Amino acid sequence: MTNRTQVTEAVKRLVVRESRLSVSPTAVADDEPLNGALLRVNSLGFLGMLVQLEDELDLTLPDDLFAGRVFTTVADLVDVVMDVTKEET
Amino acid sequence: MTEAPRAWRSVLPHLGYDLPVDLTPEQGAGPVTATLPLELIRQSVSQREFWPVPEPVAERYRAFRPAPLWRARRFEAEIQAAVPIYVKYEGGNISGSHKFNTALAQAYYYHRAGFRELVTGTGAGQWGSALAAACAAFGLACTVFMVGGSLRDKPYRGSLIRLYGADLHTSPSQLTALGRDATGNHQQGNSLALAIGEAVEYARTDPKRAFCIGSGETYSILHQSVIGLEAIDQLAALGAEVDTVVGCVGAGSNFGGVALPFFAAARAGELPRPATLVAAESSTTPKLTRGVYAYDHTDSTGTGPMEAMYTIGSRYAIPPSHAAGLRFHGAAKLISAMRHRDQISALAIGQREALSAGRVFATSELVLPAPESGHALAAAARVAAGQEPDLASRHGVLVCVSGHGLLDLAAYDKLLAGLPEDQPADPEALREATATLRPVHPIEGA
């Protein structure tokens, strides 16, 4: 089972990589905007990042949880992924 | 062969390299949204080879697939071919072109993801009519922006789009700021890039509305693999063998669809020898034969990512051509990467030669090809008749006729009236349109 800490760490690793930053993922706050002063994840990069997240966490993210939904912070994404992991267990 | 393929086949595991990563444009701060079904992203990046065709899509495929394949003996005789020519015909569906193969798949995935409406831009109208019919099949609303000049030349494409319940807008329209601005600047309504730009802008006004396009994307090329997969089986059933496969290229989905399954099958040791894969492009948009390998936008609005592509420049002013479906400045990044490594070949064909080949095919085989397909037929004729020394065929040529020309008769009318050959692209204009593009770095393109 994937816990919230694992999901959060994976999400932060990927948002740092997607933003081409050299900071430690642990320096990213849970409420950090995905596309703001620090992180620069845009909608196009976001999709590719979700597929990488599937590989990292070995799960499948259902399309209907994401289409038309707005994601503002790191925690928004973690919340949705946690919902998926609960459904899979 | 009585059944369509049950799975699409990806060429990505057989390339031996990764495709260069797109350069995403700077976007102002703010929330992010998922604008594309994840399954389409997976199909674009995964090394998985076979992707089962979802049953709702397969059911629709069964109405028109397997598509016919035959040996075109009368065409061979007319063009004095030295080797057999086999034809794979994709005009036998409601859209009249191969575009329906991916339109159905995309509409299914967008519907499953929860989107309610698909929005697109269309030039010749083949993609617009394919998407309109596919949206109707899966209960999605559809909005199409069609290039004004093209709609005037092909009013029945518009009729077909409206018949399937789609909202059709002549581009430039008054519905978008981009369209209003273009109209105010007296810009001619003859640009696919503008129609696409309007579609992108309109799609952004509702999160359940998605912009959707169907040619150069890697997932579109995957969906089109049904063409080549069927052809391989059909040739085997005939006891026939080809060493050359030809398809026309706008961005590359028809060529990729017919040719890349042959590449994958040869790499997997399933064919006796690799085939020469020949992309037939329009001489008005000679990206694969005269373009540069650089990062460029997929449309002239600059709203999409920059992709590594062979391009004549997204800001190059493409002259009018009857092969409207080929009037695109760049080749798909997958097709471009293969061209960069000499895994595919290319020929540029003028519209007079293309329409003349189409006319010979129509009178000899009694099937009227789309002007786009005429480019592939002309290229196939050159190869089969031994007129291309670097692309000699010893065993036979397979050519894909991507669609019918029944809604393109104005082009054939002009051929009969003495249509002059189009002017080759001006070298200085090409240099100017590509001068500021960033070349693909040797490592990125390694």
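The values are calculated or read from the model by the stated rules, or taken from the named source; none is laboratory data. In this text the structure is predicted, and so the values were computed from the model without any measurement. Here the Cβ is made from the backbone with ideal geometry for all residues, glycine too, and neighbour counts use every protein chain on show.
Take residue B:6 and decide whether it is on the phi < 0 side of the Ramachandran plot, surrounded by fewer than 21 Cβ atoms within 10 Å (Cβ to Cβ), at pLDDT 95 or above and within 14 Å of another protein chain (Cβ to nearest Cβ). Quick ask: steps written out before the conclusion?
On the way: on the phi < 0 side of the Ramachandran plot: yes; surrounded by fewer than 21 Cβ atoms within 10 Å (Cβ to Cβ): yes; at pLDDT 95 or above: yes; within 14 Å of another protein chain (Cβ to nearest Cβ): no.
For residue B:6, the condition - on the phi < 0 side of the Ramachandran plot, surrounded by fewer than 21 Cβ atoms within 10 Å (Cβ to Cβ), at pLDDT 95 or above and within 14 Å of another protein chain (Cβ to nearest Cβ) - is not met.
Quick one: residue B:285 ticks every box in (1) in contact with a strand residue (DSSP E or B) (Cβ under 7 Å, 6 or more places away or on another chain); (2) crowded, with 24+ Cβ neighbours inside 10 Å except a single one, so which number is it?
(1)
One residue is enough: does the range B:164-178 have a residue meeting the conditions within 22 Å of the chain's Cα centre (by Cα), modelled with pLDDT under 95 and either within 30 Å of residue B:59 (Cα to Cα) or surrounded by 21 or more Cβ atoms within 10 Å (Cβ to Cβ) (or both)?
yes
Restricting attention to the range B:4-24, does a residue exist that is more than 28 Å from residue B:209 (Cβ to Cβ), within 20 Å of the chain's Cα centre (by Cα) and hydroxyl-bearing (Ser, Thr, Tyr)?
Within the range B:4-24 (the criterion being more than 28 Å from residue B:209 (Cβ to Cβ), within 20 Å of the chain's Cα centre (by Cα) and hydroxyl-bearing (Ser, Thr, Tyr)), the answer is yes, since at least one residue qualifies.
Would you confirm, using the coordinates I've provided, whether residue B:62 is under 26 Å from residue A:55 (Cα atoms), more than 14 Å from chain A (Cβ to nearest Cβ) and either surrounded by 22 or more Cβ atoms within 10 Å (Cβ to Cβ) or not aliphatic (A, V, I, L, M) (or both)? Please lay out each step first, then the result.
Working: under 26 Å from residue A:55 (Cα atoms): no; more than 14 Å from chain A (Cβ to nearest Cβ): yes; either surrounded by 22 or more Cβ atoms within 10 Å (Cβ to Cβ) or not aliphatic (A, V, I, L, M) (or both): yes.
Taking the combined requirement at face value, the residue does not satisfy it.
Which residues, counting only those in the range B:274-283, are in contact with a helix residue (DSSP H, G or I) (Cβ under 7 Å, 6 or more places away or on another chain) and either assigned to a loop (DSSP other than H, G, I, E, B) or not hydrophobic (A, V, I, L, M, F, W, C) (or both)? Explain how you work it out, then say what you get.
Of the residues in the range B:274-283, the ones in contact with a helix residue (DSSP H, G or I) (Cβ under 7 Å, 6 or more places away or on another chain) are B:274-282.
Across the range B:274-283, the qualifying residues are B:274, B:275, B:276, B:281, B:282.
Can you tell me which residue is surrounded by the fewest Cβ atoms within 10 Å (Cβ to Cβ) among those in the range B:419-440 that are assigned to a helix (DSSP H, G or I) and not acidic (Asp, Glu)? Break it down into steps so the answer makes sense when it comes.
Of the residues in the range B:419-440, the ones assigned to a helix (DSSP H, G or I) are B:427-434.
The next check asks that each one be not acidic (Asp, Glu); those that pass are B:427, B:429-431, B:433-434.
Details: B:427: 9, B:429: 14, B:430: 20, B:431: 11, B:433: 23, B:434: 22.
Here the answer is B:427.
Just the residues that are aromatic (Phe, Trp, Tyr) and assigned to a helix (DSSP H, G or I), please, taken from the range B:190-239. Even if it seems obvious, please write down each step before you answer.
Step one: filter the range B:190-239 for residues aromatic (Phe, Trp, Tyr), giving B:202, B:211, B:219.
Residues satisfying the conditions are B:202, B:219.
Cβ-Cβ distance below 8 Å, separation of 6 or more or different chains: which pairs start in the range A:70-86 with a residue that is farther than 22 Å from residue A:37 by Cβ and end on one that is among the polar types (S, T, N, Q) and surrounded by 16 or more Cβ atoms within 10 Å (Cβ to Cβ)?
Listed pairs, sorted by first residue: A:85/A:2.
Could you please let me know if residue B:302 is part of a loop (DSSP other than H, G, I, E, B), at pLDDT below 95, surrounded by fewer than 20 Cβ atoms within 10 Å (Cβ to Cβ) and on the phi > 0 side of the Ramachandran plot? Steps first, please.
Values: part of a loop (DSSP other than H, G, I, E, B): yes; at pLDDT below 95: yes; surrounded by fewer than 20 Cβ atoms within 10 Å (Cβ to Cβ): yes; on the phi > 0 side of the Ramachandran plot: yes.
Criteria met by residue B:302.
All but one of (1) under 19 Å from residue B:211 (Cβ atoms); (2) out of contact with any Asp or Glu (no Cβ under 8 Å at 6 or more places or on another chain) hold for residue B:80; state the number of the condition that does not hold.
Result: residue B:80 fails condition (1) only.
Hey, residue A:75 hits all of (1) crowded, with 19+ Cβ neighbours inside 10 Å; (2) modelled with pLDDT of 95 or more but one; which does it fall short on?
(1)
Looking at (1) within 8 Å of chain B (Cβ to nearest Cβ); (2) free of Cβ contacts under 8 Å to residues at least 12 places away in the same chain; (3) closer than 26 Å to residue B:116 by Cα; (4) out of contact with any helix residue (DSSP H, G or I) (no Cβ under 7 Å at 6 or more places or on another chain), which is the one condition that is false for residue A:67?
Just one mismatch for residue A:67, condition (4).
What tally of residues in the range A:8-63 results from selecting those that are β-branched (Val, Ile, Thr), within 11 Å of chain B (Cβ to nearest Cβ) and not in a loop (DSSP other than H, G, I, E, B)?
Residues of the range A:8-63 β-branched (Val, Ile, Thr): A:8, A:11, A:15-16, A:23, A:26, A:28, A:41, A:51, A:60.
Imposing the further condition that a residue be within 11 Å of chain B (Cβ to nearest Cβ) reduces the set to A:15, A:41, A:51, A:60.
Subsequent filtering for residues that are not in a loop (DSSP other than H, G, I, E, B) retains A:15, A:51.
Going through the range A:8-63 one residue at a time, the tally reaches 2.
So residue B:41 fits all but one of (1) within 12 Å of chain A (Cβ to nearest Cβ); (2) part of a loop (DSSP other than H, G, I, E, B); what number is the exception?
It is condition (2) that residue B:41 fails.
Can you find a residue in the range B:268-277 that is modelled with pLDDT of 90 or more and among the hydroxyl-bearing types (Ser, Thr, Tyr)?
Within the range B:268-277 (the criterion being modelled with pLDDT of 90 or more and among the hydroxyl-bearing types (Ser, Thr, Tyr)), the answer is yes, since at least one residue qualifies.
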